[in-house]
Amino acid sequence: MSTATTGMSTKRRNGAAAKIETTRKQRQRWLPWAFLAPTILGMGLFTLVPIVASLVLAFFRWDIISAPSFVGFDNFAEVVQDPTVRVSFLNTIMFVVVAVALQLGLALALAIMVQEKLPAWLRVFFRSAFFFPLILSAASVSIFMRYLFNEQFGVVNWLLSFVGIPAVPWLTTPAGSAAVVILVYVWQNFGFSFLLFIGGLASIPTETYEAASIDGATGWRKHLHVTLPLLSPTTLVASVMAIINALQVFDQPYVLTRGGPGDSTRTAVMVIFESAFQRLEFGQASAIGVILTLIIMAITAAQFRLSKRFVFYQ
């Protein structure tokens, strides 16, 4: 009798232990999802939902006040025929070409100089100094720069007056406004590309440079035949991110020039903002956003396609 009772107690304990183990495993299985839930929920609410809503809204006419009405592809047709939209996209493309070229060229040149010519403690200083503008508010920087480049009392024209150069209308002419917008944007954003290139240069083995020196490569030839090919993966990443960011430029032209004079510095994102929040044409704004997104995707896909030919991995 006691043996049977003992056996039953043992089975109960084993059963209870098995249930506890099963419960523990189930909790462990769901624990990662519990930690990921806030991030997934946030991305769904603030990223995925707005993307889907914007895509759907591109096929409707809606001004917030009245109910949305389905118009099909009319918004896209109106956007394509709008001369302001065409000019803004042309301005954006020209801005991307010049700004990205300056940003990557300046970042690469400074990265090579800092990495090769300066001691370790100065490298740390310049990494922080060049990256610092990126953490500042683009609107605040643009307001400050607007005063610096003011034609009447700006510091830039005041300094130029010492060498006999008359006051330059930086923000009141198309060429001057475009130049200022590009310079301010590049100054604030090249630090990120600079850090990418610094990391890429640090990953190149010193033995490669030593072998190139033995073969007679010095100076710019060494960088042309060794540094640039081995830095091509970093260049790809830097160029992709720089182009995507430049295509979405808004703060600098909006604060510095409001898109003027005329439409000389009006960009695609500025037109989206004006259509949605000034004219309450949310359908057209969404249509422009969809077109801009498709352009970004096409350019990025082309970059990765071309990377198979021009990017070399160690």
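For Ile40 and Ala77, calculate 0.36 nm times their separation in residues minus their Cα-Cα distance, and state this gained length in nm to one decimal. Kindly include the intermediate steps, with their values, before the conclusion.
Details: separation 37, 0.36 × 37 = 13.32 nm, distance 3.59 nm.
Roughly 9.7 nm would be gained on extension.
Among rounded, prolate and oblate, which fits segment 54-103 when a ≥ b ≥ c are the square roots of the eigenvalues of its C-alpha gyration tensor, a/c under 1.5 means rounded, and a/b larger than b/c means prolate? Could you put the intermediate results ahead of the total?
Working: a/c = 3.46, a/b = 2.54, b/c = 1.36.
Taking the square roots of the gyration eigenvalues as a ≥ b ≥ c, segment 54-103 is prolate.
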Rounded to whole angstrom, the alpha-carbon centroid of segment 149-165 lies from that of segment 97-122 at a distance of 28
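Which loop-located chymotrypsin sites (Phe, Trp or Tyr not before Pro) does segment 47-83 contain, where loop means any DSSP state but H, G, I, E or B and the Cβ has at most 16 other Cβ atoms within 10 Å?
Filter output for segment 47-83: Phe73.
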With the dipole of the chain defined by +1 on each Lys or Arg Cβ and -1 on each Asp or Glu Cβ, the option from Asn75, Val290, Val97 whose Cα lies farthest towards the positive pole is Val290
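Over segment 223-314, what is the relative contact order in percent, taking alpha-carbon pairs closer than 8 angstrom and at least six residues apart? Could you put the intermediate results ahead of the total?
Working: 59 pairs, mean separation 33.4, N = 92.
Relative CO of segment 223-314 lands at 36 percent.
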For segment 252-314, shape from the Cα gyration tensor axes a ≥ b ≥ c, cut at a/c of 1.5 then a/b versus b/c, turns out oblate
Taking every alpha carbon pair in the chain and sorting the distances into 10 angstrom bins from 0 up to the bin holding the longest one, the percent per bin comes out as 5, 18, 22, 21, 15, 8, 5, 4, 2, 1, 0, 0
For segment 176-183, in residue order, the Karplus 3J(HN,Hα) values (coefficients 6.51, -1.76, 1.60; θ = phi - 60°; whole Hz; Gly and Pro = x) are x, 5, 4, 5, 5, 4, 5, 4
If the chain between Gln278 and Thr208 were fully extended at 0.36 nm per residue, the gain over the current Cα-Cα distance would be 19.5 nm
For Phe60, other-chain or 5+-apart residues with amide H closer than 5 Å (H placed, Pro excluded) are Val71
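Leaving out ligands and nucleic acids, and using a 1.4 Å probe, what accessible area per residue does the chain come to in Å²? Let's see the in-between values first.
On the way: 19020 Å² over 314 residues.
That works out to 61 Å² for each residue.
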For segment 227-314, listing chymotrypsin sites (Phe, Trp or Tyr not before Pro) in a DSSP loop whose Cβ sees at most 16 other Cβ atoms within 10 Å gives Phe250, Phe312, Tyr313
Classified through the alpha carbon gyration tensor (a ≥ b ≥ c as square roots of its eigenvalues; rounded if a/c is under 1.5, else prolate when a/b is larger than b/c, else oblate), segment 144-299 comes out oblate
The relative contact order of the chain, taking Cα pairs under 8 Å that sit 6 or more residues apart, comes to a percentage of 26
Whole-Å distance linking the alpha carbon centroid of segment 292-314 with that of segment 186-214 is 21
For Ile288 the rounded accessible area (nearest 10 Å², probe 1.4 Å, non-protein molecules ignored) is 0
In nm, the gap between the two label points placed 7 Å beyond Cα toward Cβ at Thr300 and Arg29 is 3.5
Per GNM of the chain with C-alpha springs under 10 angstrom, the most fluctuating residue out of Val180, Val114, Val269 is Val114
Heavy-atom accessible area of segment 143-250 with neighbours in place, 1.4 angstrom probe: carbon+sulfur share in percent works out to 70
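The values are calculated or read from the model by the stated rules, or taken from the named source; none is laboratory data. Remember, it's a predicted structure, so these values are computed and weren't measured experimentally. Because the Cβ atoms are built from the backbone with ideal geometry, glycine has one as well, and the counts that use them run over all protein chains shown. All accessible areas refer to the heavy atoms of the entire protein, side chains included, with ligands and DNA or RNA removed. Shrake-Rupley method; radii C 1.70, N 1.55, O 1.52, S 1.80 Å.
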